[in-house]
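Where a number appears in this text, it was derived from the coordinates with a stated rule and is not lab data. Please read these numbers as outputs of a predicted model, since none were measured by experiment. Reconstructed Cβ throughout: ideal geometry from the backbone, glycine too, with neighbour counts over all protein chains shown.
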Amino acid sequence: MDYEGYFRDQLDALMGEGNYRVFADLERHRGSFPRATRHGGEGTSEVTVWCSNDYLGMGQNPSVLAAMHEAIERCGAGAGGTRNISGTNHYHVLLERELADLHGKESALLFTSGYVSNWASLTTLASKLPGCVVLSDEMNHASMIEGIRHSRAERQIFKHNSPEDLDRRLSLIEPGRPKLVAFESVYSMDGDIAPIEELCDVADAHGAMTYLDEVHAVGLYGPRGGGIAEARGLMDRLTVIEGTLGKAFGVVGGYIAASTALCDFVRSFASGFIFTTALPPHVAAGAAASIRHLKTSQVERARHQENVRKVRARLDAIGIPYMPNPSHIVPVMVGDPVKCKWISDILLDSFGVYVQPINYPTVPKGTERLRITPSPLHTDADIDHLVSALENLWSRCALARAVA
Ligand SMILES: Cc1ncc(COP(=O)(O)O)c(C=O)c1O
C-alpha cells in the first residue's frame, strides 16, 4: 500500500471540504490576557483571543502563578511516577481535598485531563458493574462516548436533554440491572444547559446512577464555582460530578468527585488512572490556588456574565445571528465550512481578532460557527473592535451574495 499517498489523499479530502484544521501559533502574554502574539506567515502579529476556554483568565491570575512558582521551587518539574509508584505528591492530595469540598462530595480523584477523567471513569464503571446499561445524552462529548464505547457495556442514546426519552428507555430495562445516566451541564458548542433536576428525578425513579460532566461550568457558575449543579442546589443529587482544571481554572487536568467508595473503585481499577505519570506537582498547586480563589471571589464570574451580555447586545444591534442560550458561550452561526474559515482568516489577518472556525466533526455539517467566548478581561474597546470587524465581514458576505 502507498501509505503516504493514502494519508495525503485523506488530508486533501478534508481540505476540499473546508474541514482541514490549521492551528494558530500563539504566544500568550502573562499579565495581558486575552492578548497574544501570533507567529507564522510573514512574521509575528498581535492578536486578541476571542475563543479561549481559559474562560476567566485564571491562567494568568497572580495567585495561581505564585502557587506554581512556589511549588516548582519546592518540588521541581515532574511528579516522577504514576500515582501508585512514587508520583503522589502532597499537592495532589491537597487538590483532591479541595475538589471534594468544591462539589460537596466525600472524595475526588485527579486525572491528567478532563478527557481522560471521562474516558477512564466511564470505561471503568460501565465495564465493571455487571450487566450495566449506560444511558448517554446524544450530544455528549467525544471523551464520554469513547469511554462508554470502550467499556463494551450496553449503551442507549437518549434524546438531547429529554427526561421523557430517558424515562421511556429506563422503563424498558430490567429493574435489577445497574444503570448509569451520563450527561453534561453546559453543552460546549450550543451553550445550552441540561435539565439536571428532571434527569436526576427520572434516574432516581429507576434506581440509576448519574454522571454529570461540568467541564464547561466549573469555576463559572454557583456561589463557589461548583458549576450548574451547585448553582441549582443539586450537587447531592449526582452520583459523580466530573470536571476539568484546564478551562475556567486555567491550568490542566481533570477529575471526578463522588463517594469515597466510588473514587477508590475507579482509583483501583481504571487503567487511564493507574498507568500514567501523575500531573506535575506545580500544576496541582496552581489548580488548587485557582479553585480556592474562585470559591470566594465573585468578581470574575460577575464580569464574565456582564461581558457575555454586552457582546450579545451588540450583535443583536447589528443583526448578526447567534444561537441563543442561557450560558456564556456565543455561537455565531455561519453554516458553511469554507465561509466559516474565510471569515476567521480575515478576522485574524486583517483585524487581529482570533476566533477559531468550528467545523465538522466538532459540530454537525451545516452548523459551522464562530464560537465566541467573552472573558472578564476583554475591555469595552475589545468588544467594539470585535463587533465592528464582524459587521464589516457580514456586509462583505451580503455584498458577495447580492452580486452572485
Ligand atoms: C464536555 C467536555 N468534556 C470533557 C472535555 C475534556 O476536557 P479537557 O480539555 O480537560 O481534556 C471537554 C473538552 O473540551 C469537553 O468539552
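A few comments on the model shown:
- Max mean-square fluctuation residue, GNM over the chain, Cα-Cα springs under 10 Å, options 36, 182, 261: 261
- This model, with +1 at the C-beta of Lys and Arg and -1 at the C-beta of Asp and Glu, gives the chain a dipole about its Cα centre of some 340 debye.
- Taking the DSSP beta bridges with both ends in the chain, the antiparallel portion is around 60 percent.
- Links that overshoot a 21 Å alpha carbon limit, given the list 179/295; 247/295; 128/179; 159/341: 179/295; 159/341
- In this structure the amide hydrogen of residue 138, modeled in the peptide plane, comes within under 5 Å of the amide hydrogens of 158, 160, 161, none closer than 5 places in sequence on its chain.
- A simple spin-label model places the labels of residue 21 and residue 66 3.7 nm from each other, with each point 7 Å out along Cα-to-Cβ.
- MRE, 222 nm, helices only [DSSP H, n ≥ 4, -39500 (n - 2.57), over the chain, to nearest 500]: -14000 deg cm²/dmol
- For the chain, the relative contact order works out to 21 percent when only alpha carbon pairs closer than 8 Å and six or more residues apart are counted.
- Here is the tail figure for segment 83-195: Cα pairs spaced more than 26 Å apart come to 28 percent of all pairs.
- Within a Gaussian network of the chain (alpha carbon springs, distance under 10 Å), most fluctuating of 164, 242, 300: 164
- Taking all Cα-Cα distances within segment 183-233, those exceeding 13 Å account for 57%.
- Area projected by the alpha carbon convex hull of segment 292-388, averaged over all directions, nm²: 7.1 nm²
- Each 10 Å bin, from zero up to the one with the longest distance, holds this percent of the alpha carbon pairs of segment 52-112: 18, 41, 38, 3.
- For segment 258-306: rounded, prolate or oblate by the Cα gyration tensor [a/c cutoff 1.5]: prolate
- Scattering profile of segment 8-164 at q = 0.08, 0.14 Å⁻¹ [log10 I(q)/I(0), Debye over alpha-carbon scatterers]: -0.42, -1.16
- Mean-position separation - Cα centroids, segment 74-88 and segment 195-265, in angstrom: 27 Å
- Using θ = phi - 60° in the Karplus curve 6.51 cos²θ - 1.76 cosθ + 1.60, the 3J(HN,Hα) couplings for segment 307-320 round to 5, 4, 4, 4, 4, 4, 4, 5, 5, 4, 4, 10, x, 8 Hz; x is entered for Gly and Pro.
- Beyond 35 Å, the tail of the calculated P(r) for the chain holds 31 percent of the Cα pairs.
- Descending principal axes extents, segment 276-346, alpha-carbon based, whole Å: 46, 33, 21
- Quarter of the Cα convex hull surface for segment 180-294, i.e. its orientation-mean projected area (nm²): 7.7 nm²
- Working from Cα pairs under 8 Å separated by at least six residues, relative contact order for segment 144-296 is 16 percent.
- Rounded to whole Hz, the Karplus (6.51, -1.76, 1.60) HN-Hα couplings of segment 149-158, x for glycine and proline: 4, 5, 5, 6, 6, 5, 10, 10, 9, 9
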